[in-house]
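The values are calculated or read from the model by the stated rules, or taken from the named source; none is laboratory data. Treat the numbers as computed from the prediction; the structure is a model and nothing was measured. Note that each Cβ is placed from the backbone with ideal geometry, even for glycine, and that neighbours are counted across all protein chains shown. Side chains are part of the model used for accessible areas, which takes the heavy atoms of the whole protein and leaves out ligands, DNA and RNA. Shrake-Rupley method; radii C 1.70, N 1.55, O 1.52, S 1.80 Å.
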Amino acid sequence: MLGMIKNSLFGSVETWPWQVLSKGGKEEVSFEERACEGGKFATVEVTDKPVDEALREAMPKVMKYVGGTNDKGIGMGMTVPISFAVFPSEDGSLQKKLKVWFRIPNQFQSNPPVPGDDSIKIEERESITVFSTQFGGYAKEADYVAHAAQLRTALEGTATYRNDIYFCAGYDPPMKPYGRRNEIWLVKT
């Protein structure tokens, strides 16, 4: 626990590598098309719980792993954003399933520490191209759903993306009260 607190307050923060391919906007929604680098990720999947509740279960597990609850006993530093996959239903609401994806910092990509918690898996993910829009505040499920709908409307007729999954991303620790950054990523097809 001490490692997790020390890491979040004083640890290094690395940004997940991506390249902006284009920028656009429609009405009040601005967005970017980004090519996001793949790599190794620590993942936690939670099912049968609403998104907000599932995040409260999954995020501490990831933070403990990053903070040193691993076979090497070392804090790795943070990589932002932390993203999580959500699975929309036909009506746009979210299914009771999510998967948190924490990109392992570059220094540990070739040999990530083994998690001390069996619910954390290390997975390889290919590069992805996404359409991203940004918003502030302490995001909840309703915010993600609303911003995803706005982004879909802004992209209508101009882009294709997956309808069965999208990513929600956060850049800030919970103790940051102002200037928070959240994003929705629709995966380009």
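Only one entry of ARG180, ARG152 meets the criterion of being open to solvent by 50 Å² or more (accessible area, probe 1.4 Å) and in contact (Cβ under 8 Å) with a residue 24 or more places away in the chain, and that entry is ARG152. In region 15-29, of all residues being hydrophobic (A, V, I, L, M, F, W, C) and exposed (fewer than 14 other Cβ atoms within 10 Å of the Cβ), the one that is farthest from the chain's Cα centre (by Cα) corresponds to LEU21. Name the single residue that is farthest from ILE165 (Cα to Cα) among those in region 65-110 being part of a strand (DSSP E or B) and of a type in the set (S, T, N, Q). By that ranking, first place goes to ASN70.
What are the residues in region 48-59 that are surrounded by fewer than 20 Cβ atoms within 10 Å (Cβ to Cβ) and in contact (Cβ under 8 Å) with a residue 40 or more places away in the chain, if any? Result: ASP48, LYS49, PRO50, ASP52, MET59.
Pairing each residue of region 100-120 that is aliphatic (A, V, I, L, M) with any residue that is surrounded by 17 or more Cβ atoms within 10 Å (Cβ to Cβ) and part of a loop (DSSP other than H, G, I, E, B), provided the two are 6+ apart or on different chains, yields C-beta distances under 8 Å for ILE104/MET76; ILE104/PRO112. For region 81-115, name all the residues that are open to solvent by 10 Å² or more (accessible area, probe 1.4 Å), touching a strand residue (DSSP E or B) at 6+ places or on another chain (Cβ under 7 Å) and among the small types (Gly, Ala, Ser). Matches in region 81-115: SER89 only. Looking across region 116-136 at every residue that is in a loop (DSSP other than H, G, I, E, B) and acidic (Asp, Glu), the one that is surrounded by the most Cβ atoms within 10 Å (Cβ to Cβ) is identified as ASP117.
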